[in-house]
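The values are calculated or read from the model by the stated rules, or taken from the named source; none is laboratory data. No experiment lies behind these values; they were computed from the predicted model shown. Cβ: placed from backbone, ideal geometry, glycine included. Neighbour counts: every protein chain shown. The accessibility values were calculated without ligands, DNA or RNA, using every heavy atom of the protein model including side chains. Shrake-Rupley method; radii C 1.70, N 1.55, O 1.52, S 1.80 Å.
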Amino acid sequence: MDTPGALQEALSDWLKEADVVVIPTRTTSRDIEPLMRMCKVVFKHGRTKIVYVMNGWNRFKASRDFMEWFGGLAGDQTVVTLPQSEAFVQVGAAGESVVEFDRRGKAAKATRELVDTVREVARFPRE
């Protein structure tokens, strides 16, 4: 189930039923507060497995610093990174998935790994 980015009243009910919660975030200091709000809600209403998705990952210091800070909070939960890539922007205009758009690109590879990871955490077979 995909929900809007804002916290919803029905979110607590959804979290109680979820097998896995995927929490996407960017890797900048301004994303810490919304990430912490979402984590607080998830921890309060559900004891499900969590997959954190770090969007816009790059090789620069800000992403590395964010991951160093976040590493202590994630505990034994799963963390996946999606690279900073123009392909994610281009697929919106093309009306395709990133995998259809550029099968061999970094963004497509990372997206397939994300899907496989979520399926594994949920105990579904890999595609």
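Could you list, in sequence order, all residues of segment 34-89 that are open to solvent by less than 30 Å² (accessible area, probe 1.4 Å), farther than 14 Å from Thr117 by Cβ and small (Gly, Ala, Ser)?
Across segment 34-89, the qualifying residues are Gly46, Gly56, Ser63, Ala87.
List, please: which pairs have Cβ atoms under 8 Å, are six or more places apart or on different chains, and start with a residue in segment 89-105 that is in contact (Cβ under 8 Å) with a residue 12 or more places away in the chain and end with one that is part of a helix (DSSP H, G or I) and basic (Lys, Arg)?
Val99/Arg112
Determine whether segment 51-59 contains at least one residue that is in a helix (DSSP H, G or I) and at pLDDT below 85.
No, segment 51-59 contains no residue that is in a helix (DSSP H, G or I) and at pLDDT below 85.
Within segment 90-100, track down each residue that is of a type outside the set (Val, Ile, Thr) and closer than 13 Å to Leu114 by Cβ.
Ser97
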